[in-house]
């Protein structure tokens, strides 16, 4: 076995998914004995077998990536419970293994994946989905690009055929629950988030958090960065529809029509709301150059 073969062998063994109780698997996908594979290139010592030594690396790799995802979704853990959350992350990472040089991207597909796996969220499925979407939007807003904002002179040249661009860090969400309150409450209650950095059986028990009462209420949010901090800002339905249409590269005229389709606002009221929305968004620098 040359160096390249050894590196590939080690990588395959270290990144092989754990069992459901977070131990190294005894067999590979093709049925080969992991114990015999380990013995072929790892020397045992007077305390640990080749299998035991490989298992240390296998488990630590997975505890690290599980911990990276857990750190980004503390409120989701509070909603579905620690035990089910740990199982969910392990299942998610089996389906979506790390393919990037950075751990930051590990949770990118979690909201969509969770929607297709209701067994992990049971009766709180929609609440869990909303929380997962908001927590990932926070990540995107935190390190998304910021482009120079439009100036007053730029706005003076706009007309109905103009196409406006929104800041890449701005995330727009339409949710069934007002989960911004829940997410903020979890973060305030747990300033130092407990992550899965050790064996699940050895992890410190996360501090019990009593979830606030949650009722279904349509909620529109803008998640954005301002002065290097991320904020959750509630929007009314028309502002959300207007910004969403602009984000989809529609013209200003089309976006305004989409915002007020089916509404009972008069033309004068519509004009006032559009002016208010634009003034507010411009003050926060949401409109930017291409």
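Being in contact with a helix residue (DSSP H, G or I) (Cβ under 7 Å, 6 or more places away or on another chain) and either part of a helix (DSSP H, G or I) or over 16 Å from residue 37 (Cβ atoms) (or both) is the filter here; which residues of region 1-17 pass it?
Result: 13, 14.
Check 221, 243, 235 and return the single one that is within 18 Å of residue 160 (Cβ to Cβ), under 26 Å from the mean Cα position of the chain (by Cα) and at pLDDT 95 or above.
Only one candidate qualifies: 243.
Out of all the residues in region 115-128, which are under 13 Å from residue 77 (Cα atoms) and within 15 Å of the chain's Cα centre (by Cα)?
Within region 115-128, 127, 128 qualify.
I'd like to know if region 277-285 contains one or more residues that are farther than 20 Å from residue 170 by Cβ, without any contact (Cβ under 8 Å) to a residue 40 or more places away in the chain and not in a loop (DSSP other than H, G, I, E, B).
no
Only one of (1) out of contact with any helix residue (DSSP H, G or I) (no Cβ under 6 Å at 6 or more places or on another chain); (2) surrounded by fewer than 18 Cβ atoms within 10 Å (Cβ to Cβ); (3) free of Cβ contacts under 8 Å to residues at least 40 places away in the same chain is not met by residue 34, so which one is it?
With (1) out of contact with any helix residue (DSSP H, G or I) (no Cβ under 6 Å at 6 or more places or on another chain); (2) surrounded by fewer than 18 Cβ atoms within 10 Å (Cβ to Cβ); (3) free of Cβ contacts under 8 Å to residues at least 40 places away in the same chain applied to residue 34, the lone miss is (2).
Given the criteria assigned to a helix (DSSP H, G or I) and modelled with pLDDT of 95 or more, does residue 258 qualify?
The answer is yes for residue 258.
Considering every residue within region 53-65, establish whether at least one is part of a helix (DSSP H, G or I), within 15 Å of the chain's Cα centre (by Cα), modelled with pLDDT under 95 and farther than 27 Å from residue 212 by Cβ.
yes
The values are calculated or read from the model by the stated rules, or taken from the named source; none is laboratory data. Remember, predicted model here, so these are calculated numbers, not experimental data. Quick reminder, even Gly has a Cβ in these numbers, built from the backbone with ideal geometry, and neighbours come from all protein chains shown.
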